[in-house]
Amino acid sequence: MQSQYLETALAAARAAEAVVRRYWQQNVEIEIKEDATPVTVADVETEKAIKAVILDAFPEHGFYGEETGKTKPEAEFTWLVDPIDGTKSFVREYPFFSTQIALMKGDELILGVSSAPVFGEYAYAEKGGGAFYMDQQARVSTIDSLADATLSVGNLATLAHQPVGWAGLATLVTEVNRTRGYGDFYHYHLLARGAIDLVVESDVNVLDIAALSVIVKEAGGVFTDLEGNGVGLDTTTVCAAATPELHQIARKRLGY
């Protein structure tokens, strides 16, 4: 049974989808933000649609959006939103982007919705309620050895500048059964439904992975930064695995 929080998050994702589809493949104008990342009117309007749905239901809640920033930092509940995670994909017209909506209570992430409307899939989870992929219960694999595992990597620039970490990744790649670079939302969806077993990233924003961390954990997986810490507002790296054993081995190979 879905809570009012999850119902609202799913409604916000549907509102976001309507905006995304309106701007999809419409040659929207691109601006470059101060952090050198692109933004379009689609990003801004999608976030406004999400924000309207959420704050209409919970006006006392805080909101932290990729495009509109933070409101009510003192609030007990804060929504973390990236309206179009993968704007570069969006503007180059391939469907490898998603809407990410998470809810944090205090310092704990308790809900996540990941919707990739043009790609054609979604996943969601709420603490204690399990994870769902396309409305079906999702569960990670039981693989606990590198020799049997499929690894997906993404956003590795920082790791590449660290000799130990980069060498460790090379070792990891030689030991796993298969290596891919699915990236963004997709490899976390695959991990949550048991299709791959390990994800490593070194350059992320919490808004990109907050919802996905809840989904993977509720599917039975392990989701931390490379140092083994839980996901928080300052998280910039990821080591996510199907099993604790695989998670521990991977971090050890990477030098953590």
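So the values come out like this:
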quantity: Reachable lysines, given that their alpha-carbon falls under 24 Å from the alpha-carbon of LYS217 and they are not under 8 places away in the same chain; calculated: LYS105, LYS127, LYS252
quantity: For the range 238-250, Karplus couplings with θ = phi - 60° (6.51, -1.76, 1.60), whole Hz, Gly/Pro x; calculated: 9, 10, 10, 9, 5, 9, x, 4, 5, 4, 5, 5, 4
quantity: Solvent-accessible surface (1.4 angstrom probe) belonging to PHE77, in square angstrom, nearest 10; calculated: 30
quantity: Rounded tilt (10° steps) of 206-218 against the dominant C-alpha axis of the chain; calculated: 70
quantity: Accessible area of the chain belonging to carbon and sulfur atoms, whole % at 1.4 Å probe; calculated: 48
quantity: Radius 13 Å from Cβ of ASP144, net charge of other residues (Lys, Arg +1; Asp, Glu -1); calculated: -3
quantity: Student exercise, the chain dipole from Lys, Arg, Asp, Glu Cβ charges, in Debye to nearest 20; calculated: 540
quantity: Using alpha-carbon coordinates, inclination of helix 4-23 to the longest axis of the chain, degrees; calculated: 80
quantity: Rounded to 5, percent antiparallel among DSSP beta bridges of the chain; calculated: 80
quantity: Whole-number accessible area per residue in Å² for the chain, which is evaluated in the context of all protein chains at 1.4 Å; calculated: 45
quantity: Assigned charges on the beta-carbon of Lys, Arg, Asp, Glu; the range 106-179 dipole about Cα centre (debye); calculated: 160
quantity: Added length on full extension, which subtracts the Cα-Cα distance from 0.36 nm per residue, VAL41 to ASP135; calculated: 30.8 nm
quantity: Extension gain from GLN25 to GLU60, taking 0.36 nm per residue of separation minus the Cα-Cα distance; calculated: 9.0 nm
quantity: Surface accessible to a 1.4 Å probe, ILE30 within the full protein complex, Å²; calculated: 80
quantity: Separation of the LYS70 and GLN248 label points, Cα + 7 Å toward Cβ, nm; calculated: 3.6
quantity: For the chain, the fraction of alpha-carbon pairs in successive 5 Å shells from zero, as %; calculated: 1, 7, 14, 18, 19, 17, 13, 7, 4, 1, 0
quantity: Cα gyration tensor shape for the range 67-169, rounded if a/c is under 1.5, else prolate or oblate; calculated: rounded
quantity: Electrostatic dipole magnitude of the range 1-51 [Cβ: Lys, Arg +1; Asp, Glu -1; Cα centre; debye, to 20]; calculated: 260
quantity: Per-residue SASA entry for GLU76, accessible area with 1.4 Å probe, Å² rounded to 10; calculated: 110
quantity: The chain: relative contact order in percent, alpha carbon pairs under 8 Å with at least 6 residues between; calculated: 16
quantity: For ARG178, net neighbour charge (Lys/Arg +1, Asp/Glu -1) across residues whose Cβ lies under 13 Å away; calculated: -2
quantity: Where labels lie 7 Å past Cα in the beta-carbon direction, separation of ARG180 and GLN162 in nm; calculated: 2.6
quantity: Longest site-free stretch - the chain; sites: trypsin sites (Lys or Arg not before Pro), DSSP loop, at most 13 other Cβ within 10 Å; calculated: 93-256
quantity: Net charge contributed by nearby residues that have their C-beta within less than 9 Å of LEU159 (K/R +1, D/E -1); calculated: -2
quantity: Under 14 Å from the Cα of LYS33 - aspartates and glutamates, other chains or at least 8 residues apart; calculated: ASP43, GLU66, GLU67
quantity: For the range 113-182: Kirkwood Rh in Å [reciprocal of mean 1/r, alpha carbons]; calculated: 14.7
quantity: Linear extension gain, GLU93 paired with THR142, 0.36 nm per residue minus alpha-carbon span; calculated: 14.1 nm
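The values are calculated or read from the model by the stated rules, or taken from the named source; none is laboratory data. Since we're looking at a predicted model, the values are computed, not measured. Neighbour counts are summed over all protein chains in view; Cβ atoms, including those assigned to glycine, are modelled from backbone coordinates with ideal geometry. Remember, those area values only see protein heavy atoms, side chains included, never the ligands or the DNA or RNA. Shrake-Rupley method; radii C 1.70, N 1.55, O 1.52, S 1.80 Å.
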